[in-house]
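Notes to accompany the following structure.
The values are calculated or read from the model by the stated rules, or taken from the named source; none is laboratory data. Note that this is a predicted model, so its numbers are computed, not measured. Cβ coordinates were reconstructed from backbone atoms using ideal geometry, including for glycine residues, and neighbour counts include every protein chain displayed.
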Amino acid sequence: MTLIKSISGIRGTIGGSQGDNLTPIDAVKFAAGYGAWLKQRHENCTVVIGRDARPSGPMLEQLVISTLQGLGINVINAGLSTTPTVEMLVPRFNAAGGIILTASHNPEQWNALKLLNEKGEFVSGQDGAAILELAEGSDLDFAEVHELGTVSTCEDGMQWHIDEVLALESVDVAAVKAAGFNVAIDAVHSSGSIAIPMLLDKMGVTYTNLYPEPHGRFPHNPEPLEKHLSEILDVVKNGNFDLGIVVDPDVDRLAFVDEKGSMFGEEYTLVLVADYLLSLQSGHVVSNMSSSKALRDLAESKGSSYTSSAVGEVNVVNEMKAQNAVLGGEGNGGIILPELHYGRDALVGIALALTHLAKSGKTMSELRAGYPQYYMAKQKIELTPELDVDGILAAIAGRYKNEEVSTIDGVKITWSDRWVHLRKSNTEPIVRIYTEAPSTDEATTLGEEFMDIIKELA
């Protein structure tokens, strides 16, 4: 059992001992720290709360709402919802912040409190550290009886979110309806099991929902990777489907299955959407440093520009704002469309992908075949704790100074058709080695070459 406290929130497994797992006491402490932080920044505080469908969600929802009430903070409870929906509801209601109760792609025994600022964006590292400090303190000031916070509900959150998606000029509902698509859905018995059918109904798409009941008992590991998706791959392969749609429990990661029952590839979700949007307008696109080079190649082929950020959604968003990007995201299937909001959003990704598929006249496999073909490998090397890992990475950066080198998040070295990204673990004496090349063998070999270099320098 595990409890992990970090600047991005608190997450852990339900049950067990206080401080070692995500218990009611830990949830209350952390919610209180967040509420105290909000009260330092805002005179009148309202917080939007939403959760995915995992079984511990209703319990944590009650604990968090009552804690915020006790601090004199008003709560708008969106109930069963998606992460991007809550992110959008915060500015809709002019709230001071939001909390999403979800452990994202982690198994159902996990849950978490993910924290948003007044923009509906994840809190920064500096703010997260301040919240942790307040949560561990003993000088919290709770409200007197006549100053307790109120609780109201938001019944239309997901439907409102979908309406905002469909109102985008880049989403062509008429074209999608005319295409007559038939899709399969794997939303692991969570929020997407409700939200995706709502979206598809409005777009005139027929569907088979493999796991329709939002009870949160996941039928498989909920991370949308090929090794976990045998059922939807078989269903699409043996049925008459145009594609399969896969999301994680809180609906911020999106993966597709092509009409042949093969994975389109999480890394290529962002490429697919960029292909469509950059055909409408030139602009800047952003992904993190460990995402596929296919996005950069595609953007440059269309006369657009690209930059990468450090790993992490907050870092991607900061780079997008700095570059006034039209699109950004992460290689894990996260689509960020700033025209809608600065957060990963599978619902807008689905709407844009269906529009692109309808207007292109191609199949999913034909679209995928037209993109730069890259393959990734991920390795790691363990080092002894006393080694100077930062020094080793600096030496590697110096050795390859004549190549394209970035040191904003570890060391990334890029060549014309491949790259290697070396990142130090924050918790272990480990260097993670991510590589990408035109074939799996080449990517693996490149990683092994850098493992040897690290051992040489150690």
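Pick out the one residue from SER308, SER291, SER287, SER282 that is without any contact (Cβ under 8 Å) to a residue 60 or more places away in the chain and part of a strand (DSSP E or B). Working first, answer last.
Details: SER308 fails: without any contact (Cβ under 8 Å) to a residue 60 or more places away in the chain; SER291 fails: part of a strand (DSSP E or B); SER282 fails: part of a strand (DSSP E or B).
None of the others qualify; the one that does is SER287.
Give just the number: which of (1) outside any helix (DSSP H, G or I); (2) small (Gly, Ala, Ser); (3) over 23 Å from ILE433 (Cα atoms) does ALA377 not satisfy?
Only one criterion in (1) outside any helix (DSSP H, G or I); (2) small (Gly, Ala, Ser); (3) over 23 Å from ILE433 (Cα atoms) is unmet by ALA377, namely (3).
List the number of the failed condition for ASP297; all other conditions in (1) in contact with a Pro (Cβ under 6 Å, 6 or more places away or on another chain); (2) crowded, with 21+ Cβ neighbours inside 10 Å; (3) not hydroxyl-bearing (Ser, Thr, Tyr) hold.
(2)
Can you name every residue in the range 392-433 that is of a type in the set (A, V, I, L, M) and surrounded by fewer than 19 Cβ atoms within 10 Å (Cβ to Cβ)? Spell out how you get there, then give the answer.
Of the residues in the range 392-433, the ones of a type in the set (A, V, I, L, M) are 392-397, 405, 408, 411, 413, 420, 422, 430-431, 433.
Matches in the range 392-433: ALA394, ALA395, ALA397, VAL405, ILE408, ILE430.
Residues that are within 12 Å of ILE454 (Cβ to Cβ) and at pLDDT below 95: list the strands (runs of 3 or more DSSP E) wholly contained in the range 380-426 that include at least 1 such residues.
Working: elements: 404-406, 411-414, 419-424.
It comes to 419-424.
Just checking, how many residues over the range 58-81 are crowded, with 23+ Cβ neighbours inside 10 Å, within 21 Å of the chain's Cα centre (by Cα) and farther than 13 Å from VAL151 by Cα?
The number of residues fulfilling the criteria is 1.
This table checks each residue for (1) within 20 Å of the chain's Cα centre (by Cα); (2) more than 28 Å from CYS45 (Cβ to Cβ); (3) in a loop (DSSP other than H, G, I, E, B).
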position: SER138; (1), (2), (3): no, no, yes
position: GLU155; (1), (2), (3): no, no, yes
position: LEU168; (1), (2), (3): no, yes, yes
position: ALA174; (1), (2), (3): no, yes, no
position: ILE194; (1), (2), (3): yes, yes, no
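Every residue, every condition in (1) among the β-branched types (Val, Ile, Thr); (2) within 17 Å of ASP345 (Cα to Cα); (3) part of a loop (DSSP other than H, G, I, E, B), yes or no:
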| site | (1), (2), (3) |
| --- | --- |
| THR208 | yes, no, no |
| HIS215 | no, no, yes |
| LYS227 | no, no, no |
| PHE241 | no, no, yes |
| ASP250 | no, yes, yes |
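Does the range 68-125 hold any residues that are within 19 Å of SER190 (Cα to Cα) and of a type in the set (Phe, Trp, Tyr), and which are they?
TRP110
Need at least 1 residues that are under 26 Å from SER138 (Cβ atoms) and at pLDDT 95 or above per element, so show me which helices (runs of 4 or more DSSP H) inside the range 1-105 make the cut, counting only ones lying wholly within it.
On the way: elements: 24-41, 57-70, 83-92.
Ranges flagged: 24-41, 57-70.
Consider the range 427-438. How many of its residues are outside any loop (DSSP other than H, G, I, E, B), touching an Asp or Glu at 6+ places or on another chain (Cβ under 8 Å) and more than 14 Å from ILE381 (Cβ to Cβ)? Let's see the steps before the verdict.
First, pick out the residues of the range 427-438 that are outside any loop (DSSP other than H, G, I, E, B): 430-437.
Applying the additional criterion that residues be touching an Asp or Glu at 6+ places or on another chain (Cβ under 8 Å) yields 430, 437.
So of that shortlist, the ones also more than 14 Å from ILE381 (Cβ to Cβ) come out as 437.
Selection size over the range 427-438: 1.
In the range 269-283, what residues are modelled with pLDDT of 95 or more and out of contact with any Gly (no Cβ under 9 Å at 6 or more places or on another chain)?
Correct list: TYR276, SER279, LEU280, GLY283.
Among the numbered criteria (1) closer than 20 Å to LEU357 by Cβ; (2) not assigned by TED's automatic domain parsing to the domain that holds GLU259, which single criterion is violated by ALA195?
(2)
Are any residues in the range 22-55 within 17 Å of THR102 (Cβ to Cβ) and surrounded by fewer than 21 Cβ atoms within 10 Å (Cβ to Cβ), and if so, which ones? Before the answer, list the steps.
Pass one, the range 22-55, residues within 17 Å of THR102 (Cβ to Cβ): 22, 26-27, 30-31, 34, 47-55.
Across the range 22-55, the qualifying residue is only PRO55.
Test SER124 against the criterion of being free of Cβ contacts under 8 Å to residues at least 60 places away in the same chain, assigned by TED's automatic domain parsing to the domain that holds ALA31 and more than 22 Å from PRO58 (Cα to Cα), and give yes or no.
Considered against the rule, which asks whether it is free of Cβ contacts under 8 Å to residues at least 60 places away in the same chain, assigned by TED's automatic domain parsing to the domain that holds ALA31 and more than 22 Å from PRO58 (Cα to Cα), SER124 comes out as no.
Could you list, in sequence order, the residues of the range 120-136 that are in contact with a strand residue (DSSP E or B) (Cβ under 9 Å, 6 or more places away or on another chain), on the phi < 0 side of the Ramachandran plot and outside any helix (DSSP H, G or I)?
PHE122, VAL123
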